[in-house]
Amino acid sequence: MATWTQGDVITNGMRMHYYRTGGNKPPVVLCHGFSDSGLCWTRVTKQLEADYDVIMIDARGHGLSEAPEGAYGPQAQAADLAGLIRALGLERPAVMGHSMGGATTLHLCAEYPELVSRAILEDAGAYQIRPVTDDPAPPRPDLAVWASEMQSKTKEEIMAIGREQSPLWDEEEFGPWADAKLQLRPQAMGVRAPRPPWRETFAKVQCPLLLITADNDKGSSVTPEAAAEAARINPLVRYIHLPGAGHNVRREQFEPFVAAVRAFLAEG
């Protein structure tokens with residue numbers, strides 16, 4: 001990271017932090033998942049920086065970005081991202097997002113089509129967030145309680161939890177992952193706000209979009225049926241399945257994930 005820069009922009013009424021590899025290369029913006037931060041993309045960025053100007057954002061309420069009161073759903077975060085792209089003068093970058101960041105990426109494509117050239121969703125977009133009033137089985141953990149418990153621990157203790165829960169991850173993942181948990185702000189718990197039906201959002205996409213899925217029995221959220229439906233709804237959407245991973249596809253099948261991303265970006 002010695003040659004990477006970092007900075008802030010004012011977007012959508014808030015200060016957003018970002019990290020950037022730089023260089024006169026095609027820009028690629030990376031959007032992390034809930035409770036992560038921009039630097040959680042470090043391993044992927046190291047694979048892309050020779051050919052791309054990679055920008056890793058900290059979403060609102062995460063990392064070093066501000067945590068304003070108000071909306072934290074994908075539409076608000078897409079507006080944040082649109083403002084960052086404009087503030088940095090990026091010329092129709094490619095955008096990639098995981099989980100929450102994938103929802104942000106999808107809504108950016110749908111609502112600001114002039115700002116993005118192509119997009120990648122890592123296990124994201126093609127599923128609906130259930131309202132808190134639903135009675136799912138098994139019950140979902142309370143995000144605020146979980147975050148409070150994590151933040152009562154040291155970075156080393158959080159890293160140990162990560163190693164136990166995710167034995168397939170590379171050791172390099174755990175430091176940024178733990179830092180992000182300690183940086184998470186209470187306002188970010190609003191991420192489960194209602195959002196438009198995902199099928200309607202996919203139908204609005206106007207650029208090539210790659211949806212990367214994995215194994216539902218290992219924790220992947222997007223089902224094969226939903227991925228196929230997204231592609232049926234919009235011919236600009238395609239999907240691939242990388243077996244042997246759950247929700248964190250890139251962390252559990254790193255080489256195949258990077259290969260798929262590089263191939264898709266090269267088409268642009």
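The values are calculated or read from the model by the stated rules, or taken from the named source; none is laboratory data. These figures come from a predicted structure and were not determined experimentally. Ideal geometry is used to build each Cβ from the backbone, glycine not excepted, and the neighbour counts take in all protein chains shown.
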**Q.** Residues that are surrounded by 20 or more Cβ atoms within 10 Å (Cβ to Cβ), within 22 Å of Thr42 (Cβ to Cβ) and free of Cβ contacts under 8 Å to residues at least 40 places away in the same chain, drawn from region 223-268
**A.** Leu242, Gln253
Q) Considering region 98-118 alone, what residues qualify as being within 17 Å of Ser220 (Cβ to Cβ), assigned to a helix (DSSP H, G or I) and among the small types (Gly, Ala, Ser)? A) Gly101, Gly102, Ala103
Q | Residues of region 146-195 satisfying the condition of being farther than 23 Å from Glu66 by Cα, in contact (Cβ under 8 Å) with a residue 60 or more places away in the chain and not aliphatic (A, V, I, L, M) | A | Ser166, Trp169, Asp170, Glu172, Glu173
**Q.** Residues located in region 65-79, provided they are at positive phi and among the aromatic types (Phe, Trp, Tyr)
**A.** none
Q.
When you check Gln75 against the structure, is it part of a strand (DSSP E or B), out of contact with any Cys (no Cβ under 7 Å at 6 or more places or on another chain) and of a type outside the set (D, E, K, R), yes or no?
A. no
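Yes/no matrix, rows are residues, columns are (1) modelled with pLDDT of 95 or more; (2) touching an Asp or Glu at 6+ places or on another chain (Cβ under 7 Å); (3) within 21 Å of Phe257 (Cβ to Cβ):
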residue	(1), (2), (3)
Thr11	yes, yes, no
Thr21	yes, yes, yes
Arg43	yes, yes, yes
Gln47	yes, no, yes
Q | Among the residues listed as Asp217, Asp123, the single one being modelled with pLDDT of 95 or more and either surrounded by fewer than 16 Cβ atoms within 10 Å (Cβ to Cβ) or touching a Leu at 6+ places or on another chain (Cβ under 8 Å) (or both) | A | Asp217
Q. Residues in region 33-41: is at least one among the acidic types (Asp, Glu) and crowded, with 22+ Cβ neighbours inside 10 Å?
A. yes
Q. In region 53-69, how many are crowded, with 21+ Cβ neighbours inside 10 Å and over 24 Å from Ala147 (Cα atoms)?
A. 2
Q.
Just the residues that are closer than 24 Å to Ala188 by Cβ, among the polar types (S, T, N, Q) and within 18 Å of the chain's Cα centre (by Cα), please, taken from region 12-53.
A. Ser35, Ser37, Thr42, Thr45
Q: Please find, among Lys25, Lys46, the residue that is among the basic types (Lys, Arg) and in contact (Cβ under 8 Å) with a residue 24 or more places away in the chain.
A: Lys25
Q.
Conditions first: (1) among the acidic types (Asp, Glu); (2) modelled with pLDDT of 95 or more; (3) part of a loop (DSSP other than H, G, I, E, B). Glu164 passes all but one, so which condition is the exception?
A. (3)
Q.
Whether any residue in region 154-176 is of a type in the set (S, T, N, Q) and crowded, with 19+ Cβ neighbours inside 10 Å is what I want to check.
A. no
Q: Among the residues of region 9-31, write down those that are of a type outside the set (A, V, I, L, M), in a strand (DSSP E or B) and surrounded by 16 or more Cβ atoms within 10 Å (Cβ to Cβ).
A: Thr11, His17, Tyr18, Tyr19, Arg20, Pro27, Cys31
